[in-house]
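Novice: For reference, the structure I am asking about is given below.
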Amino acid sequence: MSVTGSDLLGLLGAAVILVAYALNQLERLASNDWRFPAVNFAGSVMIMVSLFYAFNLPSVVIEIFWMAISLFGTVRALRRHAA
């Protein structure tokens, strides 16, 4: 089994999401901090790019929703921070 660049990008994206979640559970990164959904969005984008090379419909669907929810959370957190 060979690991491609797109596989590495997808693995990095998964790692980014998991680290953000771990930091949240360790109370080092609050879920209402704009960085939490922003990091989740970035990780999801990396996974989505990898899915263009190794398509998997269920994974694409979940990443679309993950990106949408993360983008919503980022915008909401930034608006709250600006107010």
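Novice: For region 42-58, what are the residues that are surrounded by 14 or more Cβ atoms within 10 Å (Cβ to Cβ) and closer than 17 Å to Val3 by Cβ? Even if it seems obvious, please write down each step before you answer.
Specialist: Going residue by residue through region 42-58, those that are surrounded by 14 or more Cβ atoms within 10 Å (Cβ to Cβ) are 42-51.
Within region 42-58, Met46, Ile47, Val49, Ser50, Leu51 qualify.
Novice: For region 61-72, state whether one or more residues are surrounded by fewer than 18 Cβ atoms within 10 Å (Cβ to Cβ), under 18 Å from Leu12 (Cβ atoms) and not aromatic (Phe, Trp, Tyr).
Specialist: The first filter runs over region 61-72 and keeps only residues surrounded by fewer than 18 Cβ atoms within 10 Å (Cβ to Cβ), leaving 61-62, 64-65, 68-69, 71-72.
Narrowing further to those that are under 18 Å from Leu12 (Cβ atoms): 62.
Right, trim to not aromatic (Phe, Trp, Tyr) and you get 62.
Yes; the residues of region 61-72 include at least one that is surrounded by fewer than 18 Cβ atoms within 10 Å (Cβ to Cβ), under 18 Å from Leu12 (Cβ atoms) and not aromatic (Phe, Trp, Tyr).
Novice: Looking at region 36-61, which of its residues are in contact with a helix residue (DSSP H, G or I) (Cβ under 9 Å, 6 or more places away or on another chain) and β-branched (Val, Ile, Thr)?
Specialist: Val39, Val45, Ile47, Val49, Val60
Quick note: the coordinates plus some simple rules give every number you see, no bench work behind them. A quick note: this is a predicted structure, and the numbers were derived from the prediction, not measured. Please note: Cβ atoms are built from the backbone with ideal geometry, for glycine as well, and neighbour counts cover all protein chains shown.
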